[in-house]
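Following: one structure in structure tokens, then a few remarks.
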Amino acid sequence: MEVGVRLLGVVLRILNLLLAPLFWLRARDRRALQRAPQPLLLRSATEHAAAVRKGEITSEELVKAYIDRVKEVNPLLNAVVDERYRAALEDAKEVDRRLAEARKNGKLDELVAGKPLLGVPFTVKESCSLAGLSNAVGCLEYAGRKATKDGEAVRLVKEAGGIPLLVSNTPELCLGWETTNLLKGTTNNPYCLNRTPGGSSGGEGALLASGASAVSVASDIAGSIRVPAAFCGVFGHKPTPGIIPIEGHIPTLSDPQFPCFLTVGPMARKAEDLPLLMGVMAGDNRPALNLDQPVNISSLRVYYMTEATKSLALLSVDKCISDKIKSAVKYLETECGSTICEEKFKDLEDSVEISVSEFFSMKDIPNMLQDPTNPKRDKSLFVELSKCVLGGGTRSLQGLGFTLISKNNLFIPVTRRDHYATQASRLKELLTKTLGDNGVLLYPVFNGLAHYHSGVFLRASGVMYTMVFNILGFPATAVPCGLHRGLPVAIQVIAAPNQDRLCLAVAQQLEVAFGGWRPPH
Ligand SMILES: *[C@@H]1O[C@H](CO)[C@@H](O)[C@H](O)[C@H]1NC(C)=O
């Protein structure tokens, strides 16, 4: 525990109370997406792929249906950064031509082998890089920049037959948990346009939730897949690090820890699509995850915690979230025969300290104050913040906030780094041993539901629930568990490294229990 961190936490709690009336005023505006997606867009990518293979629908019809839906919802969401609709329709027609020919020649099996996503459209978080499309990642100084190459995970999904439609919005260089930047503006949550879809994969979360995308290639360095999945009521899986290639990601840091913390991974509306996408995106590393080995839920051991700790200095977890964790536990026990274990993991109470201390010990973290004309000297944080508030700034407020934390390490003395590094490895060892190859931990994804735009400055401590698992290198899935007053409620399922299949199997069970994704309307 760090006194500075806790004091800051108390100050934030007080600010949350004082500023609550402002947010109540905004709460009166509850506009959401009005029209539900057509029935075709309620199906999984797995079902889409089967339908295209069987000739029940053409790839062109499918791609067109998604493009139409994106065009319908994007004026309200502002999720799309750059698109290739025309090229995608050409790709789809080519798939249809090849399928027709293969059917005629009895060579269908040959054509679809190794292409489980043949003819199925997908969308890409801008930072994951799609060749020919924008690659500025919300950064004014990169305006107009296009990706020259596909990110490696994107390439693998294309190789599996997927057809990319667009790249979607993120915060500036993915540094933040709200999807807003000076280049493309703010992305809205489809369940309440006044709220954030979360971030940094917020564009993907908003599109999936609206039925405007079937599956996404996204990335997670501190909750960037799981937070938007939770805020938008869809599934998102942060894989075990080192399995899915991260080449081509913007930004990529040279620090050796970076590939442990950052993972590229899938987001989807339907749980069954996660293992499919994981298998595709893992490429040659696929065998490490044993994705095809069936999971016996009745021999699963289920640990659960409804919050990290009871501390005055931390925002408490909303009751609707802890209630969902308890109902999930009950469901797994009574309906699936899993064994419920009561052991708790006390070291998680220092998640903020562990995460911040480990994360900011990385070298070459993007410095939002760097002056391109004078690399030796930083610009003044005060001047940049003022410009940002008054207009005319060149850096987003979140980016500057990130640099502020990076510069002062959230008041954690550098001398305490070893202490937190030791605590992190102790926690990693304990969790790895306890969860083993048949245990999961149910935990919140965030302390609350999707908040109003700009709420991140008051509520960012909620990422302690996701970020610590980037630091520890554990796989974790955000699972939607229904709506509370019209907003998605989600829980997190965590397993030991390389046991991703346990997270994915539990996600599928909980989808049955709670109904999974429910489109907004
Ligand atoms: C699943 O686990 C239960 C409890 O351990 C066991 O009784 C059952 O035989 C297992 N089923 C399979 C298919 O292995």
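Here the range 86-117 and the range 416-473 have alpha carbon centers that stand 43 Å from each other. When the helices of the chain are scored as -39500 (n - 2.57) per DSSP H run of n ≥ 4 and the total is divided over every residue, the value at 222 nm lands at -12500 deg cm²/dmol. Once Rh is set to the Kirkwood radius over Cα pairs, what Stokes-Einstein translational diffusion coefficient, in µm²/s, holds for the range 70-217 at a temperature of 20 °C and a viscosity of 1.002 mPa s? For these conditions, the coefficient is 135 µm²/s. Straight-line cross-link reach from residue 324 at under 25 Å between alpha-carbon atoms covers these lysines, not counting any fewer than eight positions away in the same chain: 238, 270, 310, 344, 346.
Computed about its Cα centre, the charge dipole of the range 30-514 is approximately 820 debye, with only Lys, Arg, Asp and Glu carrying charge at their Cβ. Seen from residue 381, the other residues with C-beta closer than 15 Å to its C-beta sum to a net charge of +2, counting Lys and Arg as +1 and Asp and Glu as -1. Peptide packing: for 294-300, 462-468, the average count of neighbouring Cβ atoms within 10 Å per residue gives the ranking 462-468, 294-300, highest mean first. So what is log10(I(q)/I(0)) for the range 240-363 at q = 0.12 1/Å, when the Debye sum runs over its Cα atoms only? Reported log10 I(q)/I(0), two decimals: -0.73.
Under conditions of 10 °C and 1.306 mPa s, the chain yields 69 µm² s⁻¹ as its translational diffusion coefficient, taking Rh as the Kirkwood radius over Cα pairs in the Stokes-Einstein equation. Among the DSSP beta bridges whose two residues both lie in the chain, what percent are antiparallel, rounded to the nearest 5? If I count the DSSP bridges inside the chain, around 70 percent turn out antiparallel. Kirkwood hydrodynamic radius for the range 382-438: how many Å is it when counted over pairs of different Cα atoms? In the range 382-438 this quantity evaluates to 14.4 Å. Computed across the range 352-406, the Kirkwood hydrodynamic radius from all distinct Cα-Cα pairs reaches 12.2 Å. Each label point was placed 7 Å from the Cα along the Cα-to-Cβ direction; for residue 14 and residue 364 their separation is 4.2 nm.
Length gained on full extension, residue 421 to residue 30: 136.4 nm, using 0.36 nm per residue less the C-alpha separation.
The Cα atoms of the range 1-145 cover 71, 35, 34 Å along the three principal axes, with the biggest extent listed first.
Partner lysines whose Cα lies under 20 Å from the Cα of residue 379, excluding those fewer than 8 positions away in the same chain, are identified as 363, 387, 407.
Based on Cα atoms of the range 173-241, Rg over Rh with Rh as the Kirkwood radius reads 0.94.
The order of the peptides 134-147, 243-256, 177-190 by mean Cβ neighbours within 10 Å, most packed first, is 177-190, 134-147, 243-256. If you take the Cα centroid of the range 145-223 and the Cα centroid of the range 283-362, the two points sit 25 Å apart.
When each of the peptides 19-28, 500-509 is scored by how many other beta carbons lie within 10 Å of its residues on average, the order from highest to lowest is 500-509, 19-28.
With a point put 7 Å past each Cα toward its Cβ, work out how far residue 98 is from residue 86 in nm, to one decimal. Taking the two extended label points, one gets 2.3 nm. The alpha carbon radius of gyration of the range 130-254, expressed as a multiple of 2.2 N^0.38 Å, is 0.99. Evaluate the Debye formula for the range 368-489 with equal point scatterers sitting on the alpha carbons, no solvent, and hand back log10 of I(q)/I(0) at q = 0.11, 0.13, 0.14, 0.23 Å⁻¹, in q order, two decimals. Per q value, in the given order, log10 I(q)/I(0) is -0.61, -0.80, -0.89, -1.31.
Readers should treat all values here as calculations from the given coordinates under stated rules, not as data from a laboratory. Note that the coordinates shown come from a computational prediction; the quantities given were computed from them, not determined experimentally. Cβ atoms come from the backbone with ideal geometry, glycine included; neighbour counts cover every protein chain shown.
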